[in-house]
Amino acid sequence: MILILPVTFLLIFLHFYKKNNKRLAFINSYLILSFQIFFVTELLTFFQYLNSITVFFSHLLFAISYYFYFSPKITYQKIKVKPLDFLDKTMLGLIIFISAITLIIAIISPPNNWDSMSYHLSRIQHWIQNNGVHFFGTNNFRQNLFSPFSEFIILHTQILSNSDVFANSVQWFNLIICMSTISLICKEFGLSRRLQLFSAFFICSMPIVILESSSTQNDIILSTFILLFYYYQLCSIKNPSRSNLYFSGLSLGLGVLTKGTSYVFLFSIGVTYFLYSFIYNNSISRKTVLHRTIGIIFIGLSINIPHYTRSFIKYGDFLGLNSNQIHANEIFSLLTIFSNFIRHLAFQLGSNIELLNWYLYRIVQIFLGDKISDPKTSFLDRDFRPPFFSLHEDSAGNFIHTVLISIVFILSFFLFRKIRKIQMTSFLISLVSILLYCLLFKWQPWTGKILSLLIVVTPFTLVVVSYAFKDRMLKIIISFVLFILLIGTLPYLFLNKSRPLLPLNNKSIIYQDRLMGYFNNRPELFKQYQSLVKNIIINDVEFSNDYIAYHLGGDTWEYPFWVMLKEKFSKKIPFIFNLRKDDLHNLIQSNSLPIYIILENRLFINLEKIEKCYDIISTEQNFSLLKKSRSINEK
């Protein structure tokens with residue numbers, strides 16, 4: 001059933017490829033398929049009929065429609081590849097090499113990222129069980145409020161394959177789209193094919209990109225839609241066509257639906273090209289520019305209306321700001337921008353040279369003084385500590401890339417006069433994105449959070465390089481940087497702490513038991529989860545709607561329980577729901593208490609109202625399993 005997605009993608013691609021632009025056909029096809037996934041998800045949710053059969057036949061219906069509509073228009077042209085010199089072939093070969101290794105890791109390894117275990121993948125299991133993406137009762141508001149589109153895509157791969165084997169590959173495929181899109185942006189800016197290739201390599205060689213591309217996080221997916229919006233807005237300057245308007249609207253809407261931080265980047269891009277079109281573009285009237293902008297915003301908002309509506313109904317707030325204020329800065333000033341910028345920069349420069357890490361910390365400390373860990377600008381009051389070298393997707397820095405970008409930005413001050421106006425838009429987008437991100441969002445120690453910033457500044461970086469170095473010197477510079485970046489990728493490719501391909505501390509995903517792989521980041525939990533699930537026994541009793549409940553904290557790993565229960569009950573598990581303290585009274589009154597409760601021990605006091613109704617079946621260090629007393633069942 002899972003094959004229906006690539007088949008549909010291929011049909012769309014063949015239609016767009018008739019114009020003989022492979023990369024453009026590729027990204028257009030992805031955007032159409034993404035909207036199709038969104039449409040199918042929301043439509044089936046409306047009728048509360050989201051399941052493997054309906055999802056498959058919905059995509060099949062689209063595929064048949066594409067075939068009959070596109071088939072007469074499709075011309076099967078031979079793919080023409082222009083000859084490449086040795087350096088360009090080397091770059092292309094390295095891109096393929098990195099992509100192949102990360103794909104192998106994505107397929108072999110189970111998902112095991114922290115956020116995925118607590119809410120990314122957990123929410124998907126509730127959606128599948130509830131036959132729709134409606135909001136549900138939970139102690140982790142992120143399972144409802146956070147923008148869901150990356151999980152929509154994973155939902156379709158899971159529901160069509162009845163497994164999570166392809167869950168990691170969603171980010172990987174978005175990396176391919178990301179590389180294609182940034183190379184097209186560089187092409188629109190008039191950069192050479194060599195720099196277009198280098199832009200793709202520059203992105204895929206980032207340590208955090210390598211590590212995240214085999215995970216179920218959403219930073220690469222977000223970056224993809226940001227770049228797509230960037231590209232279609234840039235193309236609209238020369239070609240203000242309807243297709244560019246529609247694609248801009250789709251990428252805007254799906255970007256917002258992917259992650260909340262998208263607003264910063266999409267706003268920066270949208271405002272930049274609106275002002276450029278309004279001031280410099282004489283090919284269309286200002287009235288047309290305004291109408292097109294309104295149309296793009298309308299499409300983008302329309303895509304997000306279902307999620308906004310669910311948020312308002314559940315939390316009384318379209319954007320969920322009342323429940324999710326912890327990420328926003330509490331003070332807004334130039335000092336806030338500088339403080340967050342310098343701390344983000346320092347953490348990107350973490351290395352295995354301890355002395356350098358200490359000096360970086362001291363520099364930040366000298367500049368910020370007692371504001372270095374200001375809780376008003378630091379997420380969850382996190383202390384700023386010396387940066388460090390890491391092979392983990394949550395904390396790996398991008399030392400070489402950050403140094404290169406910084407050098408080029410300094411160099412750009414001597415070249416501004418040479419850069420064309422349309423190319424200067426890349427600088428404005430970079431600058432506004434950095435300023436807004438640092439102004440609005442608290443500093444966090446997790447380096448992947450600013451991945452989109454690094455990717456958004458890449459086009460301007462390469463524009464400057466194109467002016468600073470010519471011909472032979474450019475070839476020498478690229479060759480040298482290519483070698484340095486390649487060496488830098490190797491530890492992240494093969495020694496990924498969460499999903500090591502080569503043995504690391506006597507573990508490798510190649511021979512590791514898949515079930516244990518879910519716990520690579522928290523191996524101490526494996527036996528606890530295993531023990532609890534082992535003690536859940538259901539014999540010859542019809543599955544009902546009150547069987548198993550989770551009473552877990554907001555950042556607890558819920559997803560592995562789903563995996564183990566699915567394996568225990570042959571992939572057909574009893575109904576599961578999140579038990580909230582506020583629901584206890586209603587459950588008692590309606591005699592609907594669950595048979596089993598998987599309880600996080602630190603939350604035991606929350607269940608004092610029903611404590612007498614349950615026996616403790618199993619107790620571990622962090623969790624306990626409670627079963628409804630037989631006397632209660634008989635009553």
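Each value in this text was obtained by applying a stated rule to the coordinates, not by laboratory testing. Just so you know, these numbers come straight off a predicted model, no measurement behind them. Virtual Cβ from ideal backbone geometry, glycine too; neighbours counted across all protein chains shown.
So who's got an amide H within less than 5 Å of the one on S618, skipping anything under 5 residues away but keeping other chains? H placed 1.01 Å off N, in plane.
Here L625 satisfy the definition.
How much length would be gained if the chain were fully extended between L301 and L435, taking 0.36 nm per residue of separation minus their Cα-Cα distance, in nm to one decimal?
45.8 nm
I'm a student and want to see the number: the projected area of the Cα convex hull of the chain, averaged over all directions, in nm².
Result: 30.6 nm².
So if the hydrodynamic radius of segment 339-397 is defined as the Kirkwood radius over C-alpha pairs, what does Stokes-Einstein give as its diffusion coefficient at 25 °C and 0.890 mPa s, in µm² per second?
211
For Y280 paired with F267, estimate the spin-label separation in nm (one decimal), with each label point 7 Å from Cα along the Cα-to-Cβ line.
Result for the modelled spin labels: 2.3 nm.
Tell me, I588, I487, I95 in order of fewest to most beta-carbon neighbours within 10 Å?
In increasing order of surrounding Cβ atoms, one gets I487, I588, I95.
Could you tell me what percent of the DSSP beta bridges with both partners in the chain are antiparallel, to the nearest 5?
60
Going by average Cβ neighbours within 10 Å, how do the peptides 517-525, 592-600 rank, with the highest at the top?
Highest mean packing first, the order is 592-600, 517-525.
Assuming 0.36 nm per residue, please report the length gained on full extension of the stretch L321 to D615 beyond their Cα-Cα distance.
Answer, rounded to one decimal: 101.9 nm.
Picking from Y315, F526, L626, whose Cα lies most toward the positive end of the charge dipole for the chain (charges on Cβ: Lys, Arg +1; Asp, Glu -1)?
The Cα lying farthest towards the positive end belongs to Y315.
Rounded to the nearest 0.05, what FRET efficiency do T54 and T309 give with R0 = 30 Å and r taken as the Cβ-Cβ distance? Could you check?
0.90
Mind sorting T619, T377, T224 by how few other Cβ atoms lie within 10 Å of their own Cβ, fewest first?
T619, T377, T224
Setting aside same-chain residues fewer than 8 positions from K534, which aspartates and glutamates have a Cα under 15 Å from its Cα?
In chain and number order, the partners are E567, E620.
Taking the Cα centre of segment 522-634 as the origin, how large is its charge dipole in debye, to the nearest 20, when only Lys and Arg (+1) and Asp and Glu (-1) carry charge on their Cβ atoms?
220
I'd like the projected area of segment 522-634, averaged over all directions, using the convex hull of its alpha carbons. Report it in nm² with one decimal.
Average of the hull's projected areas for segment 522-634 equals 7.0 nm².
Is there a pair in K376/K609; K421/K470; K187/K259; K449/K568; K314/K568 whose C-alpha atoms are over 31 Å apart, and which pairs would that be?
Correct reply: K376/K609; K449/K568; K314/K568.
Describe numerically, in nm with one decimal, the distance between label points set 7 Å from Cα along Cα→Cβ at I477 and at M424.
It works out to 2.1 nm between the two label points.
Treat the count of other C-beta atoms within 10 Å as a stand-in for reagent exposure and order C235, C438 from fewest to most.
The fewest-first ordering by Cβ neighbours comes to C235, C438.
Hey, which aspartates and glutamates would be in cross-link range of K507, C-alpha to C-alpha under 17 Å, not counting anything within fewer than 8 residues on its own chain?
Excluding near neighbours in sequence, the set is E524.
Could you calculate the FRET efficiency of N535 with E608 from 1/(1 + (r/R0)^6), where r is the beta carbon distance between them and R0 is 35 Å, rounded to 0.05?
Calculated value: 0.95.
Just to check I understand the Karplus step: with θ = phi - 60° and J = 6.51 cos²θ - 1.76 cosθ + 1.60, what whole-Hz values come out for segment 451-456, glycine and proline as x?
Karplus-based 3J(HN,Hα) across segment 451-456 equals 4, 4, 5, 4, 6, 5 Hz.
What list of ³J(HN,Hα) couplings, whole Hz, do you get for segment 161-174 from phi and the Karplus terms 6.51, -1.76, 1.60, once you set θ to phi - 60° and write x for glycine and proline?
Running phi through 6.51 cos²θ - 1.76 cosθ + 1.60 with θ = phi - 60° gives 10, 6, 6, 10, 4, 9, 4, 5, 6, 5, 5, 4, 5, 5 Hz.
Sum -39500 (n - 2.57) across every DSSP H segment of at least 4 residues in the chain, then divide by the residue count to get the 222 nm mean residue ellipticity, nearest 500.
That comes out to -18500 deg cm²/dmol.
If you keep only loop residues by DSSP, which trypsin sites (Lys or Arg not before Pro) in segment 566-613 have at most 16 other Cβ atoms within 10 Å of their Cβ?
Hits after loop and neighbour filter: K571, K572, R580, K609.
Quick one: 3J(HN,Hα) in Hz for segment 282-288, Karplus 6.51/-1.76/1.60 with θ = phi - 60°, rounded, Gly and Pro as x.
My calculation for segment 282-288 gives 8, 6, 9, 6, 5, 5, 5 Hz in order.
Given +1 on the Cβ of Lys and Arg, -1 on the Cβ of Asp and Glu, and no further charges, what dipole in debye does the chain carry about its Cα centre, rounded to the nearest 20?
For this selection, approximately 2360 debye.
Going by average Cβ density within 10 Å per residue, which order do the peptides 473-479, 138-144 take, highest to lowest?
138-144, 473-479
For D85 paired with N131, estimate the spin-label separation in nm (one decimal), with each label point 7 Å from Cα along the Cα-to-Cβ line.
Computed distance between label sites D85 and N131 equals 6.3 nm.
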